[in-house]
Amino acid sequence: MSAADTRTEALLVTGGAGFIGSNFIRWALAERPAWRIVNVDKLTYAGNLENLAQIAEDSRYRFVRADIRDRARMRELMGEGVWGIVNFAAESHVDRSIESATEFLETNILGTQVLMEEAREAKVTRFLQVSTDEVYGSLGPDGKFSEATPLAPNSPYSASKAAADLMARAAFHTHGFPALITRCSNNYGPYQFPEKLIPLMITNAMAGEALPVYGDGCQVRDWLHVADHCSALGVVLERGEPGEVYNIGGSNELKNLDIVRVILESLGKPQTLIRHVKDRPGHDRRYAIDSSKLQSRLGWRPSIPFGEGIRATIRWYQENTLWWQRIKSGEYLEYYRRTYGERL
Ligand code: NAD
Ligand code: DAU
């Protein structure tokens, strides 16, 4: 049992209604029976309380609809007793940041700063900033990102995440603030919003629609199942060294086109559904993560091989058609408008 397990305070999880945050909350309630979780989420288009329907009534769980930029609300929540924070809340989609970057700067940088300042005031003992391998920029054909790789973000999204990482670093060095930073590679798994590569391709293929592959489709990503990301975050939250950065990855590099082909084959759909479309501006060519620091210092290992994980993920989207159809049709937003009586 870790030191945190003896506390009566809660763990505050921001952005817990999104893809990784909701998987993390389910992981934490199952694996850490002594933890209480407060999920703070603004419910942007990417936040979906249906992701947490299974645990909504758990007495150790509470949902609060709030914006992490709302300083008074964050102060109030931390005043109720919080031992740690895991900050998932972010605008997370690169293509949206290319269309319009302001919201990315406001949530990803300013929101994180508000959280850190209020957490420092409330003497929170662990602050885990969930960051991304994209802060390192793009790789050539060889090599991997280590924690010592210079930051060189190429999209407005990754620049905003890098800025937040630097503010977390500065808070540690200046104030002794207990910030931990993780940088993970591309996640896949259940409850991923169907604008991201894998769920978009699965759901389009299931519907017999075209699969839009940007450019030549030979860009490489290093894929990790979301359950492995969650277990790594648990390890860093409990045993990581404040002020340190930990890379998280699955050593599982794949070209986008190869993933799309696997999905079509698994679903018994024709490869002719693939459409090469205009490339993403500034598209990073290759990401690959060296996670040996996390593995050697904290003993974490990924446990789900890609072949197994992608089959389970495809099955999940086949068994949960209503979940993604309601997102694609926009119905899930109507549900929130009716429930909360305000525009999102
Ligand atoms: P997501 O877009 O699915 O979820 C983001 C959540 O944050 C949503 O529930 C949204 O409502 C909430 N949110 C947005 N702005 C908010 C605000 N101002 N206040 C409160 N809540 C707000 O994202 P995801 O894919 O689950 O990613 C979660 C985190 O992990 C992000 O910080 C992202 O940068 C990071 N990350 C993601 C990946 C990946 O592959 N998806 C990989 C590495 C790191
Ligand atoms: O590397 C971690 C990052 O992974 C996270 O920080 C981001 O939050 C997350 O969104 C993800 O970013 P990517 O840009 O890598 O993910 P996305 O699913 O948008 O795209 C994956 C690859 O697939 C990328 O090379 C672009 C390509 N792509 C994507 C879409 C949506 C296509 O070819 N067609 C598409 O329609």
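Along each principal axis, taking the top coordinate minus the bottom one, the Cα set of the chain gives 57, 48, 39 Å in descending order.
Averaged per residue, what accessible surface does segment 1-145 expose to a 1.4 Å probe, in Å²? Intermediate values should be presented prior to the final figure.
Numbers: 5830 Å² over 145 residues.
Per residue, segment 1-145 has an accessible area of 40 Å².
Structural descriptor for the chain: relative contact order 17 percent, calculated from alpha carbon pairs under 8 angstrom and at least 6 residues apart. Here segment 210-344 is treated as a Stokes sphere of Kirkwood radius computed over C-alpha pairs; at 10 °C and 1.306 mPa s its diffusion coefficient rounds to 89 µm²/s. Within the accessible area of segment 124-270, the carbon and sulfur atoms contribute 53%, probe 1.4 Å, all protein chains present. Shown in residue order for segment 109-118 are the 3J(HN,Hα) couplings computed by the Karplus curve 6.51 cos²θ - 1.76 cosθ + 1.60 at θ = phi - 60°: 9, 5, x, 5, 5, 4, 4, 5, 5, 5 Hz (x for Gly and Pro).
Using a Gaussian network model of the chain in which every pair of alpha carbons under 10 angstrom is joined by a spring, one finds that among D58, D279, D142 the greatest mean-square fluctuation is at D142. Phi-derived couplings, Karplus 6.51 cos²θ - 1.76 cosθ + 1.60 at θ = phi - 60°, listed residue by residue for segment 267-280: 8, x, 9, x, 5, 5, 6, 5, 10, 6, 10, 3, 6, 5 Hz, with x used for Gly and Pro. Ranked from largest, the principal axis spans of the Cα set of segment 164-233 equal 54, 27, 17 Å.
Using helices alone, I'd like the mean residue ellipticity at 222 nm for the chain: each DSSP H run of four-plus residues gives -39500 (n - 2.57), total over residue count, nearest 500. List each step's numbers first, then the result.
Values: 12 runs with 133 residues, N = 344.
Counting only the DSSP helices, I get -11500 deg cm²/dmol.
Per-residue Karplus couplings for segment 74-90, computed as 6.51 cos²θ - 1.76 cosθ + 1.60 with θ equal to phi - 60°, are listed in order as 5, 5, 4, 5, 5, x, 7, x, 9, 8, x, 9, 10, 9, 8, 4, 5 Hz, Gly and Pro entered as x. In terms of Cα atoms, the Rg and Dmax of segment 92-237 work out to 16.9, 55 Å. Where both bridge residues fall in the chain, DSSP classifies roughly 10% of the beta bridges as antiparallel.
Please say if segment 60-107 is rounded, prolate or oblate, where rounded means a/c under 1.5 for a ≥ b ≥ c the square roots of the C-alpha gyration tensor eigenvalues, and otherwise the choice is prolate for a/b larger than b/c and oblate otherwise? Mind showing how you got there, number by number?
Details: a/c = 3.07, a/b = 2.20, b/c = 1.40.
In terms of gyration-tensor shape, prolate.
Of the cross-linked pairs K123/K144; K161/K269; K269/K328, which ones have a Cα-Cα span greater than 28 Å in the structure shown? Too far apart for the 28 Å limit: K123/K144; K161/K269.
Normalised per residue, the accessible area of segment 194-253 is 27 Å², obtained with a 1.4 Å probe and no contribution from ligands, DNA or RNA.
Give me the accessible area per residue for segment 256-344, probe 1.4 Å, as a whole number in Å². It would help to have the intermediate numbers written out before the result.
Details: 5230 Å² over 89 residues.
Per residue, segment 256-344 has an accessible area of 59 Å².
Between the amide H of V13 and those of V38, N39, V40, V86, distances stay under 5 Å, these residues lying 5 or more places away or on another chain, with hydrogens modeled in the peptide plane.
Mind running the shape call on segment 1-141? Use the C-alpha gyration tensor, a ≥ b ≥ c as the square roots of the eigenvalues: rounded below 1.5 for a/c, prolate if a/b tops b/c, oblate otherwise. If you can, show how the numbers build up before the last one.
Numbers: a/c = 1.59, a/b = 1.44, b/c = 1.11.
Prolate, because a/c is 1.5 or more and a/b exceeds b/c.
Here segment 66-109 and segment 167-235 have alpha carbon centers that stand 17 Å from each other.
The values are calculated or read from the model by the stated rules, or taken from the named source; none is laboratory data. Just so we're clear, the structure is a prediction, and the values are computed from it rather than from any experiment. Just the protein is used for accessible areas: all its heavy atoms, side chains included, with ligands, DNA and RNA removed. Shrake-Rupley method; radii C 1.70, N 1.55, O 1.52, S 1.80 Å.
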